[in-house]
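Working notes, structure below.
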Amino acid sequence: MNKQLAAEMAEEIPAARRSVLHVPPMTIIRMSYDRDDLEPGSPNRREDAFNIITQLSDFRMHRLWRDGTLVHEGGHPKGTLAITDLREEWRCHHLSPFDNMRFQIPFSLIRTFASELSRPDLSGLRCAPGTRDEVMLGLAQALVPALERPHQASRLFLDQIGLAILTHLTQTYGALYFPAARKGTLASWQEKRSLEYLSARIDGQLSLAELAEACGLSRSYFIKAFKASFGCTPSRWLTEYRVARAKDLLLQDLPIAEIAIACGFADQSHLTKGFSAATGQTPARFRRENRMGRKHSTSDA
């Protein structure tokens, strides 16, 4: 995301105070206003990116439109996080004072980060309406001095904060898993290779012996090391991966039976059983509730 585009997005609310910080390819913008007389903002420019917004103070009232339809009227308490997919058109009318920080992240950065962790199928970031995220609030507050004095900001500090933001967002809202390093775990290349093999054979037609051989380990040692690395067996990891992939596809207009096959389940009944065991709800109910959440999203724009 270039500086010109960041400026265009910041100008969606012309009267607001703003400060901009570039941590390529991420752009961070703090926006605030202390009155309640703003005109409706301009629609965003559509692009392959996400806008992550965390409220630095209580935000009492706004109206939000997505693709021309009013989807929310209300406010957000301090610490509330919103994620807007900028491939859609968003327009907001701020009706009360606000102070927020926006992280504009190209989807290409998220895809690359996920691919390096053997999750090339990650289709985006999803945040339930009204989610409070103290981690993102803390990271945003840590960036306030850098936004006030950008020329004095440490590049190393900004890079580390950027990585922390990307790691937290993809793990929390993109279903990535980051194992902690411990003795008796797989080496990083073995972790990567085993997950590549498992995700490539989502139907489960891969033996433990093949996985162990690909990592240069005995079958018994591989099972112990995999569990130490990921906190579960290869079979459990594959089940969770299938369910995560099913969640992504359930937000699209695909038949559930087709999703079941695409995610390595034998049929729709098999998907329903595995999905319900993992999430406590059926695929159909998950689809209904999450589509309703997207329709009535409280995301800011």
*Tally the residues that are of a type outside the set (K, R) and touching a residue at least 24 places away in the same chain (Cβ under 8 Å), restricting the search to region 236-259.*
13
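Among the candidates D58, D36, single out the residue that is surrounded by fewer than 21 Cβ atoms within 10 Å (Cβ to Cβ) and either free of Cβ contacts under 8 Å to residues at least 24 places away in the same chain or not assigned by TED's automatic domain parsing to the domain that holds D159 (or both). Lay out the reasoning, then the answer.
Values: D36 fails: either free of Cβ contacts under 8 Å to residues at least 24 places away in the same chain or not assigned by TED's automatic domain parsing to the domain that holds D159 (or both).
Matching residue, one of D58, D36: D58.
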*Kindly indicate whether any position in region 266-282 is out of contact with any strand residue (DSSP E or B) (no Cβ under 9 Å at 6 or more places or on another chain), modelled with pLDDT of 85 or more and among the acidic types (D, E).*
yes
*Among the numbered conditions (1) part of a helix (DSSP H, G or I); (2) within 17 Å of the chain's Cα centre (by Cα), tell me where D159 comes up short.*
(2)
*Filter region 137-178 down to residues that are among the polar types (S, T, N, Q) and modelled with pLDDT of 90 or more, then give me how many there are.*
1
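Restricting attention to region 75-86, does a residue exist that is over 19 Å from the mean Cα position of the chain (by Cα), over 21 Å from I105 (Cα atoms) and in a strand (DSSP E or B)? Lay out the reasoning, then the answer.
Keep residues of region 75-86 that are over 19 Å from the mean Cα position of the chain (by Cα), which gives 75-78.
Going one step further and asking which of them are over 21 Å from I105 (Cα atoms), we end up with 75-78.
From what is left, the residues that are in a strand (DSSP E or B) are 75-76.
Yes.
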*Return yes or no: is L81 touching a Cys at 6+ places or on another chain (Cβ under 7 Å), crowded, with 21+ Cβ neighbours inside 10 Å and either in contact (Cβ under 8 Å) with a residue 12 or more places away in the chain or under 27 Å from L158 (Cα atoms) (or both)?*
yes
_Flag if L206 is under 24 Å from H270 (Cβ atoms) and either of a type in the set (F, W, Y) or surrounded by 19 or more Cβ atoms within 10 Å (Cβ to Cβ) (or both)_ = no
*For region 251-262, which residues satisfy the criterion of being within 27 Å of E88 (Cβ to Cβ) and at pLDDT 90 or above?*
L254, P255, I256, E258, I259, A262
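The values are calculated or read from the model by the stated rules, or taken from the named source; none is laboratory data. Nothing here was measured: the structure is a model prediction, and the numbers come from that model. Positions of Cβ are backbone-derived with ideal geometry, glycine not excepted, and every protein chain shown enters the neighbour counts.
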